[in-house]
1. With surrounded by 15 or more Cβ atoms within 10 Å (Cβ to Cβ), farther than 27 Å from GLU22 by Cβ and either in contact with a strand residue (DSSP E or B) (Cβ under 6 Å, 6 or more places away or on another chain) or not hydrophobic (A, V, I, L, M, F, W, C) (or both) as the only criterion, which of GLY131, GLY136, GLY106, GLY152 stands out?
2. So which of VAL97, VAL103 is out of contact with any Ser or Thr (no Cβ under 9 Å at 6 or more places or on another chain) and in contact (Cβ under 8 Å) with a residue 24 or more places away in the chain?
3. In region 173-192, how many are in contact (Cβ under 8 Å) with a residue 40 or more places away in the chain and surrounded by 15 or more Cβ atoms within 10 Å (Cβ to Cβ)?
4. Taking ALA42, is it modelled with pLDDT under 95 and surrounded by 18 or more Cβ atoms within 10 Å (Cβ to Cβ)?
5. Would you point out the residue of region 72-111, among those that are among the hydrophobic types (A, V, I, L, M, F, W, C) and in contact with a helix residue (DSSP H, G or I) (Cβ under 7 Å, 6 or more places away or on another chain), that is farthest from SER161 (Cα to Cα)?
6. The conditions are (1) farther than 15 Å from HIS118 by Cβ; (2) surrounded by 14 or more Cβ atoms within 10 Å (Cβ to Cβ); (3) of a type outside the set (Lys, Arg); (4) without any contact (Cβ under 8 Å) to a residue 40 or more places away in the chain, and GLY170 fails exactly one of them. Which is it?
7. For VAL19, are the conditions met, namely being at pLDDT 95 or above, in contact with a helix residue (DSSP H, G or I) (Cβ under 9 Å, 6 or more places away or on another chain) and hydrophobic (A, V, I, L, M, F, W, C)?
8. Against the definition (within 25 Å of VAL184 (Cβ to Cβ), touching a residue at least 60 places away in the same chain (Cβ under 8 Å) and either touching a Cys at 6+ places or on another chain (Cβ under 9 Å) or not hydroxyl-bearing (Ser, Thr, Tyr) (or both)), how does CYS124 come out, yes or no?
Amino acid sequence: MIQNLASGVQAFTSNVFLVTGETTALVDTGANFDVVARVESALESHLGDAEAATGLDRVYLTHTHPDHVENLPAIRDAFGVETWGHDTDSEYVDHAVADGETVQIGDDTYEALHTPGHKPDHLCLFSRSTGVCFAGDLVFANGGFGRTDLPGGDRATIIESIDYLRDTVGEDLSVLHVGHGPSVTERPADDVEIAARAARMG
């Protein structure tokens, strides 16, 4: 099961996805809200009170912009979990995930896609078996795409990364979970294609 724990939060934060299953994990941790309480509540509902305190196995980071990682210290303190991301030079990343490497999230295997342009350490995570993709801030609903005016951002690079995502997921994409705003559950490949075109127009 995949839940967005940042749903309804009014503060500036990224989405935070809790994926329960064989490897219960967070994808991003968000900022400016009590994510620990939301994780505990969700795990109590899923696992019961006894296992909730130790029920989180891993954290995966799509990238390390503050709105995606500021809650991480609280998550580390509460659950003792380690983190996976692209760049272990970051204080937020314990274990490196390389382009093309596979990781376990919930009950499924996800391929990591290194997709810089918004930030050099950006990853998307795609499960070919289920068609689910965590896209971070690469692309958004309705063809939006990540800003490139922040340090490390680059328009030409993000165009290449969107193309890489589009070519990798193809028509297998069934759900696009994004870093901000609503997930895309109907024809998400269309939104990726629109983003590829929009990025070229700027």
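The values are calculated or read from the model by the stated rules, or taken from the named source; none is laboratory data. Please read all numbers here as calculations on a predicted model, not as lab measurements. Reconstructed Cβ throughout: ideal geometry from the backbone, glycine too, with neighbour counts over all protein chains shown.
1. Working: GLY131 fails: farther than 27 Å from GLU22 by Cβ; GLY136 fails: farther than 27 Å from GLU22 by Cβ; GLY106 fails: farther than 27 Å from GLU22 by Cβ.
Going through GLY131, GLY136, GLY106, GLY152 in turn, the sole match is GLY152.
2. Numbers: VAL103 fails: out of contact with any Ser or Thr (no Cβ under 9 Å at 6 or more places or on another chain).
Only one candidate passes the filter, namely VAL97.
3. Within region 173-192, residues that are in contact (Cβ under 8 Å) with a residue 40 or more places away in the chain and surrounded by 15 or more Cβ atoms within 10 Å (Cβ to Cβ) number 13.
4. Details: modelled with pLDDT under 95: yes; surrounded by 18 or more Cβ atoms within 10 Å (Cβ to Cβ): yes.
Yes, satisfied.
5. Let us first name the residues in region 72-111 that are among the hydrophobic types (A, V, I, L, M, F, W, C), namely 72, 74-75, 78-79, 81, 84, 93, 96-98, 103, 105.
Narrowing further to those that are in contact with a helix residue (DSSP H, G or I) (Cβ under 7 Å, 6 or more places away or on another chain): 74-75, 78, 81.
Working: ALA74: 31, ILE75: 30, ALA78: 34, VAL81: 29 Å.
Restricting to residues being among the hydrophobic types (A, V, I, L, M, F, W, C) and in contact with a helix residue (DSSP H, G or I) (Cβ under 7 Å, 6 or more places away or on another chain), the top hit is ALA78.
6. (2)
7. Judged against the criteria, VAL19 is not a match.
8. Yes, satisfied.
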